[in-house]
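Worksheet: the structure to be examined is printed underneath.
The values are calculated or read from the model by the stated rules, or taken from the named source; none is laboratory data. This structure is a prediction, so every number in the text was calculated from the model and none was measured. Quick reminder, even Gly has a Cβ in these numbers, built from the backbone with ideal geometry, and neighbours come from all protein chains shown. Surface areas here come from the heavy atoms of the whole protein model, side chains and all, with no ligands, DNA or RNA. Shrake-Rupley method; radii C 1.70, N 1.55, O 1.52, S 1.80 Å.
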Amino acid sequence: MLEKKSNKTAWLGFGFAAALLALVVLLENLTLFLPAAALPKQLLPTSMLFTVLKKGAVYSLVAVSMNLLNGFTGLFSLGQAGFMLLGAYTYAILTVPADVRDSVYYLYGGSAVKFSLQGIFASFLGSEGPGGAVSLFLGVLLGLILAGCVAALFAWLIGLPVLRLKSDYLAIATLGFAEILRAVFQWQALGPVTNGANMIKSFPTFSSFNVKVGGKVVLYLSTFVPFLVAIVCITIIVLLINSSYGRAFKAIREDEIAAEAMGINLARHKLLSFCISAFFAGVGGALFAMYANNAQAMVYTSTMTYEILLIVVIGGIGSISGSCIATFFYVACSEWWLRFLDQEIVLKNGFKVPFLRNGFRMVVFSVVIMIVVLFFRKGLMGDKELPDLFRRRRRKETTAK
């Protein structure tokens with residue numbers, strides 16, 4: 001009976017993901033079937049809606065990766081921005097085309113890395129036509145995987161000594177690691193590799209996957225790509241949580257002494273959770289670089305980690321669905337819905353609406369967050385998932401009958 005329910009839930013999740021991807025493609029390509037004048041401004045490919053969707057997809061993956069560590073394993077880490085930085089730079093360094101490297105690293109007389117991943121594949125498959133598209137896909141895919149692997153490697157190196165700490169001490173240690181890493185990547189001596197304090201540009205981004213014929217876009221995929229990668233990665237995390245390893249993580253979260261008494265190797269499972277979380281944070285960092293069209297160390301500050309942590313708390317610590325829902329809520333409010341609060345409004349009679357000025361948006365947004373935290377202390381979802389809510393509703397309807 002339980003196996004049938006789990007299979008049904010899996011198929012429902014697969015169907016929901018497929019429908020979501022289809023909806024994203026349809027929305028982004030409406031301008032190809034309908035005249036732009038007949039569509040609302042919000043549905044144009046350059047509108048804020050698609051900016052929110054792209055950033056939301058990226059942040060949802062990073063939030064879920066943090067929830068895996070903080071919510072499911074009970075380890076309070078604040079190093080997510082550092083792992084994102086590693087992923088972003090690994091992807092950017094390895095995918096900048098070889099023919100433009102000198103212009104990107106012009107302050108250092110060229111790059112120390114003389115190849116690009118898509119260029120390696122293009123040498124076998126060709127750089128034009130279908131071969132070029134396949135080379136781009138394989139190069140970006142390998143770049144994302146390597147971005148995650150580098151972040152996981154650093155997590156393993158610092159996890160060996162740091163994971164002996166607990167609670168606030170672990171948070172401070174991981175936060176310090178992220179800040180040190182940000183300073184190191186801006187070090188001028190590493191300029192031929194990291195481009196110092198300058199940004200790395202010209203690597204493949206989301207818009208690189210738009211299908212063009214004769215220089216004209218015939219299919220927009222710039223929003224589909226981050227959604228696809230995020231859904232695949234989050235699915236892997238969900239499968240992990242529902243496996244024996246995930247049950248071991250939850251046991252450690254509930255009671256370390258009892259978990260160890262049951263035969264769980266605490267050090268091994270903590271390090272495993274730390275590395276897996278860092279891997280997907282690294283992939284998220286690479287996606288963020290693709291979203292921002294550049295990689296620059298000064299962007300990955302502790303503020304970014306606090307944003308991700310806030311999303312996890314709002315959504316519910318221990319809820320994957322909650323993290324995803326809270327991500328799009330947070331990004332939409334901060335980037336779109338409350339933007340008008342930063343603009344001064346003058347009425348026809350010359351009266352200026354008070355308080356509306358640059359920065360007031362964040363004040364209102366902070367109040368909204370406080371209200372959510374006060375009235376939803378366990379977050380929007382608590383430790384429940386969307387299927388759990390549907391099951392509860394069905395039980396209530398059955399009981400009422």
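Sequence-distant contacts, meaning Cα pairs under 8 Å at least 6 residues apart, place the relative contact order of segment 61-205 at 35 percent.
Exceeding 32 Å between C-alpha atoms, which entries from my cross-link table qualify? They are 201/384; 54/352; 201/378; 166/378. Those over the limit are 201/384; 54/352; 201/378.
Can you return the aspartates and glutamates within cross-link range of residue 212? Criterion is Cα-Cα under 13 Å, with same-chain partners fewer than 8 residues away left out. Leaving aside aspartates and glutamates fewer than 8 places away in the same chain, those within reach of residue 212 are 128.
For residue 303, the solvent-accessible surface computed with a 1.4 Å probe is close to 80 Å², ligands and nucleic acids excluded.
3J(HN,Hα) couplings calculated from phi for segment 70-85 with the Karplus curve 6.51 cos²θ - 1.76 cosθ + 1.60 (θ = phi - 60°) are, in sequence order, 6, x, 9, 10, x, 9, 8, 10, 10, x, 4, 5, x, 5, 5, 4 Hz; Gly and Pro show x. Spatial offset of segment 148-163 relative to segment 47-63 amounts to 27 Å, using the alpha carbon center of each. Computed over protein heavy atoms with a 1.4 Å probe, the accessible surface of segment 1-142 works out to 48 Å² per residue. Working from Cα pairs under 8 Å separated by at least six residues, relative contact order for segment 160-280 is 14 percent. Dividing the summed -39500 (n - 2.57) terms of all DSSP H runs of n ≥ 4 by the residue count of the chain sets its mean residue ellipticity at 222 nm at -21500 deg cm²/dmol. Sequence-ordered 3J(HN,Hα) estimates for segment 310-320 from the Karplus curve with 6.51, -1.76 and 1.60 and θ = phi - 60° stand at 4, 4, 4, 5, 5, x, x, 5, x, 10, 5 Hz, glycine and proline given as x. The mean sequence separation of alpha-carbon pairs under 8 Å and at least six residues apart, normalised by the residue count of segment 9-87, gives a relative contact order of 14 percent. Placing +1 on each Lys and Arg Cβ and -1 on each Asp and Glu Cβ, with no other charges, gives the chain a dipole about its Cα centre of roughly 1160 debye. Considering only protein heavy atoms and a probe of 1.4 Å, how much of the accessible area of the chain is carbon and sulfur, as a whole percent? The nonpolar share, carbon plus sulfur, comes to 68 percent.
The largest accessible area among 11, 337 belongs to the first residue in 11, 337, and the rest follow in falling order (1.4 Å probe, all chains). Distance between the 7 Å Cα→Cβ label points at residue 212 and residue 363: 4.5 nm.
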